[in-house]
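J.: The structure follows.
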Amino acid sequence: MVNDFEVSTSILSLKKGEENSAFLELEAAKTDYFHIDVMDGKFVEKDTYQKMLEYAAYIRRISNLPLDVHLMVEDVKSAINDFLAVEPNIITFHLEACKNKEEVYEMIKYIKQNNCKVGISIKPNTKIEEIYEFLPLIHMCLVMTVEPGKGGQTLLIDMVEKISTLRKYVDKNDIDIDIEADGGINLNTADKVKEAGANILVAGTAILMAKDYSVIIKELKKGVFGDRP
Ligand code: DX5
Ligand code: ZN
């Protein structure tokens with residue numbers, strides 16, 4: 001049963017020069033995680049790799065908040081190695097970045113061997129069933145509610161149904177796993193993904209453009225009317 005909701009703030013769209021104050025303000029505003037969007041310019045067009053490595057290392061020095069690392073990269077193994085250095089709470093890689101199932105199992109094992117939680121992310125066009133066999137082995141499934149690659153996009157409404165299918169499947173099969181919705185989450189879309197069964201919400205633009213981070217983060221965490229029993 002899912003009782004409370006958590007917020008993972010994506011720092012992708014932070015404005016230059018505002019980073020350091022924003023990290024401290026976000027911690028004070030009670031974000032549960034910092035969501036580190038790692039892009040290699042190959043799996044997705046943008047390259048944020050070095051910037052995210054620096055941000056994550058800086059956050060690690062000033063805050064104890066958990067880092068929720070989202071790898072949108074082709075070379076998963078080397079990105080895992082690079083980001084293990086910043087002691088993340090969880091490392092999430094894309095199912096679509098793995099050539100075959102053996103590689104998925106290998107990445108899961110490797111992240112766990114390095115004492116880090118494991119997440120797998122799926123793009124909007126990837127069928128939810130493709131992730132089922134890995135669910136008992138991982139801590140979180142990150143359902144992309146936009147095409148990966150940039151912030152500020154509109155949530156793809158079909159993804160709500162996908163989250164609901166996943167939540168029903170894990171509840172039915174007693175799989176204790178977090179479901180994270182990522183992309184286009186704001187005060188208009190949050191309730192939909194929460195009702196569907198996401199318990200961790202990633203938000204970047206909606207939080208970073210708010211004048212008071214704590215107000216929006218509090219709103220995003222609120223239970224929804226008609227919570228599942
Ligand atoms: C997109 C990233 C998301 C995105 C979220 O590829 O994985 O985390 O930055 O940003 P918003 O909330 O602006 O959609
Ligand atoms: Zn992300």
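J.: Mind listing the phi-derived Karplus ³J(HN,Hα) values for region 41-58, rounded to whole Hz, using 6.51, -1.76 and 1.60 with θ = phi - 60°, and x for any glycine or proline?
T.: Using θ = phi - 60°, the values come out as x, 10, 5, 10, 5, 6, 10, 10, 3, 5, 4, 5, 5, 5, 4, 5, 5, 5 Hz.
J.: Note down the Stokes-Einstein diffusion coefficient of the chain in µm²/s, whole number, using a Kirkwood radius over alpha carbon pairs, 4 °C, and 1.567 mPa s.
T.: 74 µm²/s
J.: Hey, if you put +1 on the Cβ of every Lys and Arg and -1 on every Asp and Glu Cβ in the chain, which of Leu201, Gly151, Val215 ends up farthest toward the positive end of that dipole?
T.: The one lying farthest along the dipole's positive direction is Val215.
J.: Using Cα pairs under 8 angstrom and six or more residues apart, how large is the relative contact order of the chain, in percent? Spell out each step's value before the answer.
T.: Details: 428 pairs, mean separation 51.5, N = 229.
Taking the mean separation of contacting Cα pairs over the length of the chain, I get 22 percent.
J.: Here's something else I'd like to know. I need the Kirkwood Rh of region 10-118: take the reciprocal of the average 1/r across all distinct C-alpha pairs and report it in angstrom.
T.: Numbers: mean 1/r = 0.0702 Å⁻¹.
Result for region 10-118, one decimal place: 14.2 Å.
J.: What residues have an amide H closer than 5 Å to that of Ser121, excluding those fewer than 5 places away on the same chain, when H is modeled at 1.01 Å from N in the peptide plane?
T.: Placed amide hydrogens put Phe93, His94, Leu95, Leu142 under 5 Å from Ser121.
J.: So, one more: Calculate for the chain the 222 nm mean residue ellipticity that helices alone would give, adding -39,500 (n - 2.57) per DSSP H run of length 4 or more and normalising by residue count, nearest 500 deg cm²/dmol.
T.: Working: 8 runs with 81 residues, N = 229.
Result for the chain: -10500 deg cm²/dmol, rounded to the nearest 500.
J.: Find, to one decimal place in angstroms, the Kirkwood hydrodynamic radius of region 129-171, where the mean of 1/r is taken over every pair of different Cα atoms and then inverted.
T.: Details: mean 1/r = 0.0855 Å⁻¹.
Value: 11.7 Å, from the Cα pair sum.
J.: How much accessible surface area, in Å² rounded to 10, belongs to the heavy atoms of Asp171 with a 1.4 Å probe?
T.: Probe radius 1.4 Å; accessible area of Asp171 about 70 Å².
J.: For region 123-229, what is the convex hull (Cα atoms) projected area averaged across all directions, in square nanometres? Working shown, then result.
T.: Numbers: hull surface 27.4 nm².
If I average the Cα hull's projected area over directions, I get 6.9 nm².
The values are calculated or read from the model by the stated rules, or taken from the named source; none is laboratory data. This structure is a prediction, so every number in the text was calculated from the model and none was measured. No Cβ is skipped: glycine too gets one built from the backbone with ideal geometry, and neighbour counts run over all protein chains shown. In case anyone asks, the SASA skips ligands and DNA or RNA and just uses the protein heavy atoms, side chains included. Shrake-Rupley method; radii C 1.70, N 1.55, O 1.52, S 1.80 Å.
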